[in-house]
Amino acid sequence: MPKGRVEVLEEKCKSCGLCVEACPNKVLKISDRINSKGYRPAEQFKEGCVACKMCAMMCPDVAIEVYRVES
Amino acid sequence: MSNRVLMKGNEAFAEAAVQAGCKYFFGYPITPQNEIPEYMSKRLPEVGGVYLQAESEVAGINMIFGAAGTGFRTLISSSSPGISLMSEGISYIAAAELPCVIINVMRGGPGLGGILPAQSDYFQATKGGGHGDYRLLTLAPGTLQEATEFIMMAFDLAEYYRNPVMILADGFMGQMMEAIEFKKVKLNYDIPDPKEWAIGYMAERGKRALIKSLSLDPEMLEKHNQKLQEKYRRMEEKEVRYESVGVEDADVVIAAYGTTARIAKSSIKKLRDQGMKVGLIRPQSLYPFPYKPFNDLPDGVKHVLVVEMSCGQMIEDVKLGVQGKVPVSFYGRCGGMAPSVEEIEEAAKKLLG
Amino acid sequence: MAEVKIFERPKSMTDVSTHYCPGCTHGIVHRLVAEVIDELGIQEKTVGVAPVGCAVLLYNYINTDMYEAAHGRAPAVATGCKRVRPDLTVFTYQGDGDLASIGAAEIVHAANRGENITVIFINNAIYGMTGGQMAPTTLLKQRTTTCPFGRDPKANGYPIRVAEMLATLEAPGYIARVTVARPKYVIKTKEAIKKAFQTQIDGKGFSLVEVLSTCPTNWGMRPTEALKWLEENMIPYYPLGEFKLPN
């Protein structure tokens, strides 16, 4: 299983939740923080990202960067 | 040997544009200007250009928006109701500061009106037509020879000011035949290279081109309007054109443009032959309007007579020029009817008492 | 352990945050268009034409030469540009009000001439920017602010299937309908957009990609609910697929 990491560009996030819905492994959630626009940005809250990029594909704000961890 | 050729007005207009380097024409059929698109459909392929019949005047003027945005010379022509349909697009072109030339071969209105000549689009050409604070540089040729020269000049003016220029002709001019010599007319203006602003040079310029009229920030939009107004003031300084004949000793001065001025010249000759002192001021630019010659009328002038093929449109600008110093009267025919030499003669005689 | 970035903002997109509502799928399609432009290596030779509607500010987000057209007239503007500069890749980006209502004549005739341009058509069954009025693509019984009791075919006719309608014409090179309702569809949408641009680059004429999209704000739904509503209601009426392929 590939290993990945999701980085949410918090200032760009509008808290729509499409990434949370799209993630097959449910490693994303809406955080409790508030960005300068008043939205609660999404975040990766647990391990289990497989770098499938589905969250980034669904993000309307191009607020997600995906990294693949190479061992 | 003379280089004069006998040509129909509409065809001469088109040929003048081609000789001015215009290679792109988008149009839609409407009488009485159909010979312009017909001529272009045959002529432009010879010079490696494009003729395209649009699906409507609305589409045609927006094709011009796209084509003019590339910085190449573009022409569109129509007649009164068609120009109404284009008015939205003309406003966008003026707002985006794109150069193009528009020929209006006027016919009688309002509404569908008729297909015979008129001059009832003076307001539309000079006072707006479309929405917003914009101006069209408007040239009103009096003969076919002058029309060909104005059309060539119009392309230079359009590029220099980055503004649409309208040639306001009438159905008589479009349909009549006259001997014409195609002279190379070129203004000695410092015309900016379109590569500085046009679409298609992102790599060369290192910056993309953005051609738009939207401005949601009111301060920015006001600033853009002020910039346009400043440009219009420059036009008013530099681009006023008119012909003045026999005004110095005149008791009555006739104000007329285009075909009407031509008829008035015959009336004036007859009046002069009878010892009556009548002169003519013929605006060649309708925007900017030549207010000054009307403001500076010699003391001897007792009356101004405005003659138009309309119900009285240019008369409003004449009055602004005269500023109440002498009475301003009107004689007009409309709906496709033209004033005769005798009618104008009679109208002037009434004023002469 | 080393990390490799495998997903980032495409180069042809500006770094500006969009003005779109949360969950609006315009942003997804913008990104796909920018990715295709990057992959084809045509950023400096591409011209966009923005519509009137929510995507009117497209030029703030995609960094290519750009026009902002009058409502519905983007295909005419694109035609004028492409006829003068056939060396450039010209695309329009239009919503359903812009393309299928006020601009119906322009899109039909651009398609019918086989105008060598690419059209990205966003169908979300509603007018977004003006506040949720009925569009020509609004579904039957769908409520909007101007059909508050649901669209009634007796009064307003039926939703227009633009892709099928244009596919009846001889000239177009490529016509497809896709959606961005799920990641698998997003992949298909990008393929279709790339095919459309390639059709133009190959000189094979008019190409159009209709993208079924959402308008969570004016539909009155959460973004995730809106995607479900799209799948359940729009796809059955607007089937996905390729309706015309280049020769």
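Each value in this text was obtained by applying a stated rule to the coordinates, not by laboratory testing. What you see is a predicted model; the values in this text were computed from it and never measured. Here Cβ is always computed from backbone atoms with ideal geometry, including for glycine, and neighbour counts include all displayed protein chains.
What net charge is computed for the residues neighbouring B:Lys186, neighbours being all others with C-beta under 15 Å from the C-beta of B:Lys186, Lys and Arg scored +1, Asp and Glu -1?
Once positives and negatives cancel, what remains is -1.
I'd like the Karplus ³J(HN,Hα) series for the range C:16-24: coefficients 6.51, -1.76, 1.60, θ = phi - 60°, whole numbers in Hz, and an x wherever there's a Gly or Pro.
Taking θ as phi minus 60°, the curve returns 7, 6, 6, 8, 5, 5, x, x, 5 Hz for the range C:16-24.
Residue by residue through C:15-25, how many Cβ atoms from other chains fall within 10 Å of the Cβ on average?
5
Using θ = phi - 60° and the Karplus form 6.51 cos²θ - 1.76 cosθ + 1.60, what ³J(HN,Hα) does each residue of the range C:59-72 get, whole Hz, x for Gly and Pro?
Those phi angles translate into 5, 6, 10, 10, 9, 9, 3, 8, 10, 10, 8, 6, 4, x Hz.
What size of dipole, in debye to the nearest 20, comes out for the protein assembly as shown about its Cα centre when the only charges are +1 on Lys and Arg C-beta atoms and -1 on Asp and Glu C-beta atoms?
Computed charge dipole of the protein assembly as shown: roughly 1120 debye.
Determine the sum of side-chain charges near B:Val105: Lys and Arg each +1, Asp and Glu each -1, restricted to other residues whose C-beta is under 14 angstrom from that of B:Val105.
That works out to -4.
What average number of partner chain Cβ atoms lie no more than 10 Å from the Cβ of the residues making up B:191-200?
2
Neighbour counts of other C-beta atoms within 10 Å: give me B:Ser78, B:Ser56 arranged from fewest to most.
With the sparsest Cβ surroundings first, the list reads B:Ser56, B:Ser78.
Calculate the spin-label point distance for B:Glu342 paired with B:Glu237, positioning each point 7 Å from the Cα along the beta-carbon direction, and give it in nanometres.
For B:Glu237 paired with B:Glu342, the spin-label model returns 5.1 nm.
Order the peptides C:79-85, B:41-47, A:39-45, C:52-58 from the highest to the lowest mean number of other Cβ atoms within 10 Å of their residues.
The packing order, highest mean first, is C:79-85, C:52-58, A:39-45, B:41-47.
What FRET efficiency do you get for C:Leu140 and B:Asn225 if R0 is 45 Å and r is their Cβ-Cβ distance, rounded to the nearest 0.05?
0.50
Scan around C:Ile62 for amide H atoms under 5 Å from its own, H built in the peptide plane at 1.01 Å from N, and keep only partners 5 or more places away or cross-chain.
C:Thr14
From Cα pairs below 8 angstrom and at least 6 apart in sequence, can you work out the relative contact order of the range A:3-69, rounded to a whole percent?
47 percent
How long are the semi-axes of the ellipsoid equivalent to the range B:243-352, from square roots of 5 times the Cα gyration tensor eigenvalues, in whole Å, largest first?
Its equivalent ellipsoid spans semi-axes of 18, 17, 12 Å.
What is the average number of partner chain Cβ atoms found within 10 Å of a Cβ in C:83-89?
For this peptide, the per-residue mean of nearby foreign Cβ atoms is 6.
So what's the gap between the Cα centers of the range C:81-110 and the range B:63-106, to the nearest angstrom?
Computed from Cα coordinates, the inter-centre distance equals 18 Å.
Taking θ = phi - 60°, what integer Hz values does the Karplus form 6.51 cos²θ - 1.76 cosθ + 1.60 yield along the range C:218-224, in sequence order, with x for Gly and Pro?
Listing the rounded values in order: 7, 7, x, 9, 5, x, 5 Hz.
Neighbouring Cβ atoms within 10 Å as the yardstick, rank A:Lys14, C:Lys194 fewest first.
Fewest-to-most Cβ neighbours within 10 Å comes out as C:Lys194, A:Lys14.
Once you place label points 7 Å from the Cα toward the Cβ at B:Leu216 and C:Ala171, how far apart are they in nm?
About 3.4 nm separates the two model spin labels.
Out of residues 5 or more away from B:Glu243 or on other chains, whose amide H comes under 5 Å of its own, with H placed 1.01 Å from N in the peptide plane?
The answer is B:Arg282, B:Gln284.
At a 10 Å Cβ-Cβ cut-off, how would you order B:Leu139, B:Leu228, fewest neighbours first?
Going from least to most buried by this count: B:Leu228, B:Leu139.
Show the residues, 5+ positions off or on another chain, whose built amide H is closer than 5 Å to the amide H of C:Ala50.
The list, which skips near neighbours in sequence, is C:Tyr67, C:Glu68, C:Ala69.
Restricting the count to DSSP beta bridges whose residues both fall in the protein assembly as shown, what percent are antiparallel, rounded to a multiple of 5?
35 percent
Along the Cα-to-Cβ line of A:Glu11, 7 Å from the Cα, sits a label point; which residues in the range C:1-18 have backbone N less than 11 Å from it?
Under 11 Å, as judged by backbone N against the label point of A:Glu11, lie C:16-17 of the range C:1-18.
Between B:Glu196 and B:Asp299, take the C-beta separation as r, use R0 = 30 Å, and let me know the FRET efficiency to the nearest 0.05.
Once rounded, the FRET efficiency stands at 0.05.
What percent do you get for the relative contact order of chain C when only Cα pairs under 8 Å and 6+ apart count?
Rounded, it is 18 percent for chain C.
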